[in-house]
Each structure stands twice: as structure tokens, then as C-alpha cells.
Amino acid sequence: MTRRYVTAFACAAVLALGLTACGSSGAKKASGAGPLTLRFAGSSQGAGYPTPFAAIRGPGQLLTTFMFDTLAFPDVTGQPKPWLAQSWQESADGKTWTFQLHPKVTWQDGKPLTSADVVFSFNYDLHGPGEATGVAQGINYIRNVTATGPDTVVIKLKAPEASFLSDIAGAFGVAIIPQHIWAAVSDPAHFQGPQSLIGSGPYRLKTFDLSTGSYDFVANDGFYLGRPTVQQFQIIPENNPLVALQQGQLTSASTSNGVFPQAEFNLLSKSFKLLTAPGEFNEALFFNLAGGSPYNQVDFRHAVAYALNRQDMLDRLADGRGVPGSAGGLGPDNPYLDNNVASYPYDPAKAKALLDQLGIKAAAGATFRTSPDGASLTIPLLASAADIQQAQLVQQYLRAVGLNVQITSVDQPTSDAADASGHYKMAIVHFGGLGSDPSGLIQRFASSSKSKSFTRVTGYHDPAFDKLAAEQATTVDVAHRKQLVDQMQVLLANDLPELPLYIPEQITFVNAKVFHGWAYTPACPPCGAGMNKRMLVSGSAAPAPSNSST
């Protein structure tokens with residue numbers, strides 16, 4: 001017996017064309033007023049070259065989704081729903097997945113897209129030149145991918161995998177690339193030029209400037225789900241997005257993780273629609289457990305945690321809008337979050353006592369503590385320029401318990417490279433995805449992880465965690481899987497290789513008079529409000545019709 005998943009695409013196709021048969025009155029008004037263009041605030045920090053193999057961090061990867069499709073893509077509920085694949089079937093044992101592609105799909109250069117391109121894309125990432133870029137990290141449980149017809153793809157797994165759909169078909173799943181272009185590319189991380197940007201997605205990248213972070217996307221008239229309702233959208237770097245929104249230069253703006261003055265908040269609330277969502281992005285403190293003493297000592301890590309006033313940090317840097325992070329590593333709205341793990345409330349006296357027990361003491365009248373052998377002790381703290389305020393507060397809190405913290409501030413690419421290679425003792429790292437499938441914990445903490453990402457914590461090895469991580473990965477029963485993930489979070493909170501400092505609430509103001517389809521997409525922090533391509537294509541914030549199963 002198999003389970004079959006299919007979307008009611010009669011309704012979805014109507015939405016994709018911007019019509020109103022499914023209740024999308026906003027889409028009709030928008031499309032009736034002429035070409036609809038949206039403008040979003042961007043960043044000049046650098047998102048990398050916009051291909052699946054060269055994009056940097058979540059914002060860069062997000063840009064590629066508009067040009068390159070995945071088999072499925074999340075709707076505004078965050079759940080993967082059919083996209084390039086119009087339906088799929090899962091075998092009774094959970095090891096075989098059969099995807100039926102939309103027929104007569106074409107690449108943006110007019111050539112046909114077939115199942116052979118899908119097979120090529122998976123093999124390119126798993127065993128070909130794409131493997132070295134790390135884009136396919138975490139899916140080595142795939143046994144093979146084959147085509148059984150021009151529109152049919154079969155993916156066989158080594159074992160059932162609970163996170164399979166989100167891993168390969170989520171917002172940042174396996175991007176399908178044209179074989180007729182990429183078959184000749186042996187160095188995908190450096191492949192550039194017009195051909196590198198040809199995909200099957202709903203938008204073409206008309207112009208872009210990597211030095212400023214400016215991007216201009218236009219609708220792909222030949223898109224297989226119909227011409228997108230939002231026919232053009234631009235990403236424009238702005239030093240003050242909220243002011244730009246008020247002046248009509250943007251249609252959407254947020255403060256990211258920064259302070260949002262209450263007076264400005266109240267003023268904008270009168271003219272623009274406010275969207276809020278529980279945070280999935282966090283500022284975290286990483287410890288290098290391979291960095292020697294005292295960083296490899298759990299009592300030292302606990303002492304640091306107790307010394308940090310994370311609520312004060314949240315109040316100062318995000319106006320209190322959010323929560324201190326869970327030491328278990330998941331976000332406040334994640335269905336797998338365990339609220340019963342060690343929480344490390346602010347307790348400088350306890351921090352001092354733990355340091356004393358470790359022999360990290362200060363002589364009478366001295367400001368700073370020394371190592372157990374009496375040598376001076378300096379704590380290096382790496383941070384990107386974007387995280388300098390967080391680093392300065394950590395420095396301040398730790399100084400209060402006698403630790404001398406020395407901050408090294410670098411640009412974002414340098415910080416990411418150092419974090420990925422383990423060239424730090426302690427580091428401030430920011431990233432999202434805390435609302436996504438808990439398989440992300442494997443990539444960040446499991447000994448078996450081959451992740452080359454800056455979010456991989458250096459030096460953490462716990463056999464008990466590894467065993468639980470492996471078991472939960474093949475557990476499809478949700479209740480049982482949650483029990484296993486709960487135990488993983490307990491271990492992480494006790495071992496504390498990473499301390500999430502705070503998770504700011506997602507806050508965005510949007511111009512609802514220009515576009516009615518605004519909504520957040522859970523489990524896709526960079527998608528934010530309105531940056532979900534399904535939403536831009538359909539013009540609707542309504543969830544896609546539910547999958548039916550038989």
C-alpha cells in the first residue's frame with residue numbers, strides 16, 4: 001500500500017494566474033491596476049553570486065529560489081506542497097518516493113525540462129561537482145534517483161527518513177538545474193554568466209549588482225503555473241528601511257534584529273499593516289570544544305551562561321520583542337521544542353562559584369581572574385561587524401564576573417569562514433532555521449555531520465546524542481520522534497556547546513494597499529513577509545489546498 005499526495009491544482013492554477021475563483025480578491029485588484037511591482041529592503045553585506053552553488057547564507061539562497069525550482073515548495077504554513085512535482089507517492093515502507101512532474105515544463109531558455117534533468121541535479125549534488133560545495137549536506141541517506149518516464153522520478157532511500165520532504169523539497173531543498181548547461185560545469189561555485197542563471201522558476205533576474213546588493217526580478221512569462229501576479233520585484237539596499245517605507249520607496253520593511261523604537265512602531269502602525277511571527281533567527285554564543293581549556297570544560301560553559309543577562313540583551317537590542325533562546329537549540333514556535341531543558345537564568349554569583357571551583361580565580365583586589373596555574377587569562381571572542389553590539393554586551397557581562405574578554409571584529413564572510421573552520425575559541429554567530437525540522441540539529445551537532453557551514457559547532461562529540469540523532473532520523477511516528485528529539489535537546493542544554501542568546505520576534509510593516517498577499521512563511525526565516533515565491537505567483541496569503549492522502 002502506498003500513500004499518495006496531490007494538491008487540488010485546479011484551484012492552485014487559478015491562484016497562480018491571479019484570478020479570484022479561490023477567494024483571492026486582493027490578487028484581482030492588484031492585477032487589475034496594471035503591472036504590480038514590489039520593492040523590498042536588501043543588504044549590502046553580500047549574498048554571493050545568485051546560483052544554488054555560490055549563494056551565501058539564507059538571504060542568498062532565497063534569491064536562487066525565484067529562478068530555480070525544487071520538487072515542492074512551502075506555502076505560508078511552512079509545509080512543503082507540490083511545485084515542480086504536481087504529485088508524489090510514498091511506498092508503504094517509506095523507502096521509495098515517486099514524483100510526477102508537471103508536463104511540458106520548459107527552462108527559461110525554452111528547452112524542455114524532463115525527469116532526466118531532475119536525476120542529473122540530484123546526482124550532481126550527491127556524487128558530482130556539486131558535492132564539494134556542500135549544498136547537498138544531510139541527504140546522503142538517498143540510495144539512488146532514477147527516471148521511469150519523461151515526467152516521473154523515483155527516489156529510493158536507504159531507510160525511511162522523517163525529514164525527507166523538507167530536506168529535498170523545502171525552501172532550500174535540492175535545486176533542479178538544466179543538464180544541458182551544468183553537465184559541462186566542473187567548478188559550480190565559480191560558474192557565472194547569463195547561462196548560470198537559467199532555471200525553470202517564476203522569475204528571471206533582469207539586473208543585479210553584487211557590490212550594492214541590488215536585484216531586479218521580472219516575471220517569467222512561460223512559467224508552467226501561469227504568469228505571476230507580482231510581475232516585478234526589486235531588492236534595494238536601504239540604510240533606513242522604515243523611513244524608505246514611509247517615503248514610498250519600499251513596499252515592505254523590517255528592523256531585522258535591531259531596536260524598534262516604540263514611537264516609530266506606533267507611527268507606522270497607523271499607516272501600514274503589521275506582521276509579526278515568533279522568531280526563528282537567533283544570536284548565539286558558540287564554544288569551540290576542541291579549543292582546549294577552559295572551553296572544553298562544561299562547568300566553564302555553564303559559568304559563562306549564568307553570567308550572561310540574556311533578557312537584558314533582548315531588551316536592549318530588540319526592545320524586548322522576542323525570547324531568550326532555548327539551550328536545546330530550537331525556536332519558540334517549533335513543534336519539537338522541549339521547554340523543560342536547563343535554562344541558565346542570570347545568576348552572576350553562581351557563575352563566580354563555578355569559576356572558583358575550576359581554579360579560575362582572581363587575586364585580592366584584581367579585576368580579572370587567572371588560569372589555575374596563575375597565568376593571565378584572556379578570552380578571545382570572534383564576532384562579525386553585524387554582531388558587535390552583542391559581543392560588547394557579552395564582554396560587559398563577563399567582565400562583571402572577572403573574565404577578560406577580547407573582541408575581534410571582522411566582516412561577515414571572514415567571520416563565517418572562521419566559524420566553519422573552527423578558528424575561534426568563543427564566537428557570536430547569527431543564523432535562522434530554528435523553526436525548521438529538527439534534522440538541523442544533526443547538521444550542527446552530530447559527530448557524523450559533514451556540514452561545512454558556519455553553524456556547525458566545532459569539537460562537539462557526544463555518543464548519546466549521536467545515537468538519538470540517528471534513531472529519530474528514521475522514526476516517522478511523530479510522537480515517538482518528539483520523545484527522541486526532546487532527549488537530544490536535554491543533552492545539548494546540559495553539554496552547552498552553543499548557547500542561543502536571544503531570538504527576536506519577526507516584525508515587518510507592509511503596504512497592504514499595493515499588495516494584499518502579505519504573510520510570513522514559517523520554517524523559512526529569509527522568506528520573511530512576502531518573499532515566498534508561491535505567494536508572489538498566486539497573489540494570495542491563503543494556504544495552498546491541503547494534500548489528500550489515500
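Roughly speaking, what is the centre-to-centre gap between the range 219-247 and the range 315-341 when only Cα atoms are used, to the nearest Å?
So the separation of the two Cα centres works out to 31 Å.
Would you mind calculating the gained length between residue 183 and residue 512 on full extension (0.36 nm times residue separation, minus the Cα-Cα distance), in nm to one decimal?
So the chain would gain 114.1 nm between residue 183 and residue 512.
Which of 133, 118, 208 sits farthest toward the positive end of the charge dipole of the range 77-224, with +1 on the Cβ of Lys and Arg and -1 on the Cβ of Asp and Glu?
After comparing all options, I get 118.
With every protein chain kept in the model, how would you rank 448, 200 by accessible area, 1.4 Å probe, largest at the top?
Greatest to least solvent exposure: 448, 200.
How high is the FRET efficiency from residue 227 to residue 207, r the C-beta distance, R0 30 Å, rounded to 0.05?
Working: r = 20 Å, r/R0 = 0.67.
Plugging the Cβ-Cβ distance into 1/(1 + (r/R0)^6) gives 0.90.
Could you calculate the FRET efficiency of residue 373 with residue 399 from 1/(1 + (r/R0)^6), where r is the beta carbon distance between them and R0 is 25 Å, rounded to 0.05?
0.70
Describe numerically, in nm with one decimal, the distance between label points set 7 Å from Cα along Cα→Cβ at residue 265 and at residue 339.
Result: 2.2 nm between the two label points.
Run the numbers for residue 297 and residue 127: contour at 0.36 nm per residue of separation, minus the present Cα-Cα distance, in nm.
57.3 nm
Order these peptides, 492-504, 461-473, by their mean beta-carbon neighbour count within 10 angstrom, highest first.
492-504, 461-473
Along the Cα→Cβ direction, 7 angstrom out, place labels at residue 420 and residue 361. What is the inter-label distance in nm?
My value for the distance between the label points is 4.5 nm.
Lysines within cross-link reach of residue 513: Cα-Cα under 30 Å, excluding same-chain residues under 8 positions apart?
Answer for residue 513, where 30 Å is the Cα cut-off: 28, 29, 81, 206, 270, 273, 533, listed by chain and number.
About the Cα centre, and with charges only on the beta carbon of Lys, Arg (+1) and Asp, Glu (-1), how big is the dipole of the range 319-363? Nearest 20 debye, please.
Dipole size: approximately 240 debye.
Return the lysines within reach of residue 482: Cα separation strictly under 19 angstrom, same-chain partners fewer than 8 residues apart disregarded; answer none if there are no such residues.
467
Kindly report the accessible area of the chain per residue (heavy atoms of protein chains, probe 1.4 Å, no ligands, DNA or RNA), in Å².
On the way: 21810 Å² over 550 residues.
Value for the chain: 40 Å² per residue.
Given a 1.4 Å probe and heavy atoms of the protein chains only, how would you sort 141, 224, 203, largest accessible area at the top?
Heavy-atom accessible area, descending, gives 224, 141, 203.
How big is the dipole moment of the chain about its Cα centre under a simple scheme where the beta carbon of each Lys and Arg is +1, that of each Asp and Glu is -1, and everything else is neutral? Debye, nearest 20, please.
Its charge dipole is roughly 860 debye.
Let me know the shape class of the range 63-157, please: from the alpha-carbon gyration tensor, a ≥ b ≥ c as square roots of the eigenvalues, rounded when a/c is under 1.5, otherwise prolate if a/b is greater than b/c, or oblate. Spell out each step's value before the answer.
Details: a/c = 1.19, a/b = 1.06, b/c = 1.12.
Judged from the Cα gyration tensor, the range 63-157 comes out rounded (a/c under 1.5).
So, in Å, what gap is there between the alpha-carbon centers of the range 466-501 and the range 103-165?
Distance between centres, Cα-based: 28 Å.
Give me D for the range 236-358 in µm² s⁻¹, whole number, from Stokes-Einstein with Rh from the Kirkwood sum over alpha-carbon pairs, 10 °C and 1.306 mPa s.
91 µm²/s
Which one of 222, 381, 275 is farthest out on the positive end of the charge dipole of the chain, using unit charges on Cβ (Lys, Arg +1; Asp, Glu -1) and the Cα centre as origin?
Looking along the dipole axis, the top candidate is 222.
Over every pair of different alpha-carbon atoms in the range 427-486, take the mean of 1/r and invert it; report that Kirkwood radius in Å.
Roughly 12.3 Å, rounded to one decimal.
So, R0 is 25 Å and r is the distance between the beta-carbons of residue 448 and residue 407; what FRET efficiency does that work out to, to 0.05? Please list the in-between numbers first.
On the way: r = 33 Å, r/R0 = 1.33.
So the FRET efficiency works out to roughly 0.15.
Of 269, 540, 211, which has the most accessible area and how do the rest follow, probe 1.4 Å?
Putting 269, 540, 211 in descending order of accessible area: 211, 269, 540.
Rounded to the nearest Å, what's the spacing between the alpha carbon centres of the range 43-93 and the range 407-460? Just the number, please.
When both Cα centres are located, 21 Å separates them.
Shape verdict for the range 115-252, please, from the Cα gyration tensor: rounded (a/c under 1.5), prolate (a/b greater than b/c) or oblate.
prolate
If you take the Cα Rg of the range 347-475 and divide it by 2.2 N^0.38 Å, with N the number of residues, what do you get?
Dividing the Cα radius of gyration by 2.2 N^0.38 Å gives 1.26.
Magnitude of the Cβ-charge dipole of the range 438-550, K/R +1 and D/E -1, about the Cα centre, nearest 20 debye?
520 debye
The values are calculated or read from the model by the stated rules, or taken from the named source; none is laboratory data. Since the model is a prediction, treat every value here as computed from it, not as a measurement. Every residue, glycine among them, receives a Cβ derived from its backbone with ideal geometry; neighbour counts consider all protein chains shown. In case anyone asks, the SASA skips ligands and DNA or RNA and just uses the protein heavy atoms, side chains included. Shrake-Rupley method; radii C 1.70, N 1.55, O 1.52, S 1.80 Å.
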